[in-house]
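The structure appears below as structure tokens.
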Amino acid sequence: MKREVRSDWTGAILVCGKCSKKIGGGFGEDGRTRLAKLLRKTLGAGKGRKASLGVIETKCLDVCPKRGVVVIDAARPGRWEIVAPGTSAGEVLARIGRGQA
């Protein structure tokens, strides 16, 4: 059995899956895309462990904002962002310090 697996990730972004499910996606052009999926597509970084940046949809993070999704950049765990539906992926990445709006 392998005890270690290589990954090309330089970091990880955690997205609350329960928040995403509660607002029914709420992102993308049609307003139905989940935030994690939109971020993966916007980054165009690859898939799975071969991606340059991991986007993980977690279980509930116990913040539960009304009409928002909790996003955490693993490089800055002390700062959690609450993202409103309809926010562009570029703006989300800029807010967490991973891109430009």
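What follows is calculated from the coordinates using simple rules that are stated; it is not laboratory data. Since the structure is predicted, the reported quantities are computational estimates derived from the model, not experimental observations. When we count neighbours, we look across all protein chains shown, and the Cβ atoms used for this are built from the backbone with ideal geometry, even at glycine.
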*So how do 19-28, 61-70, 77-86 stack up, highest first, on mean other-Cβ count within 10 Å?*
19-28, 61-70, 77-86
*Which order do the peptides 33-44, 49-60, 2-13 take when ranked by the mean count of other beta-carbon atoms within 10 Å per residue, highest first?*
33-44, 49-60, 2-13
*Count of lysine pairs in the chain with Cα atoms under 13 Å apart, counting only pairs 8 or more residues apart in sequence or on different chains?*
8
*Counting Lys +1, Arg +1, Asp -1, Glu -1, what net charge surrounds GLY28 among other residues with beta carbon under 10 Å of its beta carbon?*
+2
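Cα-Cα pairs above 19 Å in the chain: how many percent?
On the way: 1958 of 5050 pairs.
Distances greater than 19 Å cover 39 percent of the Cα pairs.
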*Within a Cβ distance under 10 Å of CYS16, other residues only, what is the Lys/Arg minus Asp/Glu net charge?*
+2
*Pull the list of the chain cysteines that no other Cys approaches to under 4.7 Å, Cβ to Cβ.*
CYS60, CYS64
